[in-house]
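What follows draws every value from the coordinates through simple rules; no lab data is involved. Please read all numbers here as calculations on a predicted model, not as lab measurements. Because the Cβ atoms are built from the backbone with ideal geometry, glycine has one as well, and the counts that use them run over all protein chains shown.
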Amino acid sequence: MLPPDLRAAEHQALEAVLQALADNPRGRWSLDWRFEGLRLLPPVLRLSEALRASHAQLSLLFPDAGAAALARRDAPEQAAWVADFRGHQRRQQADQDTDQANEASSVLLAVAPNQADYEDFEKLCAGHRGAVVVINGSLEDAAVGIGSVARERRRGFLAQWQAAYYLQPLDGAALRRAFPGPWELYRQDADGFRLAASFDQKPDGEQQAEALATSGGLAGNLRAMDAFIEGLRS
């Protein structure tokens, strides 16, 4: 079901990520909270701390040194396992003789890599034997186009990722996925949100519109959507 607020969304995401890691301890997983106005760092730090309880070999990684420094400032108790992408790559190269069993059981929690970080992030993942969870990544933007590089990325690195958790308010609707469940599309009615359809794969815009149209249409109560988004921001 849809979470009523941000803390509930965090709890759902934590449970979904834990199940995903149990299902594939070396998988490539994504976690997305796709709503405007979200200050991403606080929920990321809470998630990192919670995951460390069951995955002690966890590293929290940011695309640049400035973002990593900000995380260390806000959560000094986590500073030992916070790094930026290139800093962690240097550590990987220096620790090539580290026990492979320990590395295979470790988890990288990577925060918001975008198209500019594509090459660094791809190298980071290639050098890691354990699981990677990417939070609010936008790597797919790097594959926009029709050239051979775009096609190679779509078929290769970008195709490896599975959604552990996804939550996005839409216009009169909301899309959610919590592993191992299906993708769920919720329709906004006057008295709240109701499940409109479920999908095995993430539905595109046309599939969403068709499902919403055939499930009773969209209600015009914007106050319910505003309350939902406001709850996620708080």
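Couple of notes before you dig in:
- Computed from backbone phi with θ = phi - 60° and the Karplus coefficients 6.51, -1.76 and 1.60, the 3J(HN,Hα) list for the stretch 79-94 is 4, 5, 10, 9, 7, 9, 4, 5, x, 5, 4, 4, 5, 4, 5, 6 Hz; x is used for glycine and proline.
- Extent along principal axes [Cα atoms of the stretch 6-171; Å; largest to smallest]: 45, 44, 34
- Cα gyration tensor, the stretch 176-215 - rounded (a/c under 1.5), prolate or oblate: oblate
- For the stretch 6-171, the relative contact order is 34 percent, taking Cα pairs closer than 8 Å that sit 6 or more residues apart in sequence and dividing their mean separation by the residue count.
- Other residues within the sphere of radius under 14 Å centred on the Cβ of Arg52, judged by their own Cβ, net out at -1 (K and R +1, D and E -1).
- Across the stretch 41-57, coupling constants 3J(HN,Hα) worked out from phi with the 6.51/-1.76/1.60 Karplus curve, θ = phi - 60°, read 4, x, x, 5, 5, 5, 5, 4, 4, 5, 5, 4, 5, 10, 10, 5, 8 Hz, and Gly and Pro carry x.
- Here the Karplus relation 6.51 cos²θ - 1.76 cosθ + 1.60, evaluated at θ = phi - 60°, turns the backbone of the stretch 110-122 into coupling constants of 9, 9, 6, x, 10, 4, 5, 9, 3, 5, 4, 5, 4 Hz, with x for every Gly and Pro.
- If you take the Cα centroid of the stretch 1-75 and the Cα centroid of the stretch 159-203, the two points sit 19 Å apart.
- Highest-first arrangement of 198-207, 22-31, 177-186, 107-116, where packing means the average Cβ count within 10 Å: 107-116, 177-186, 22-31, 198-207
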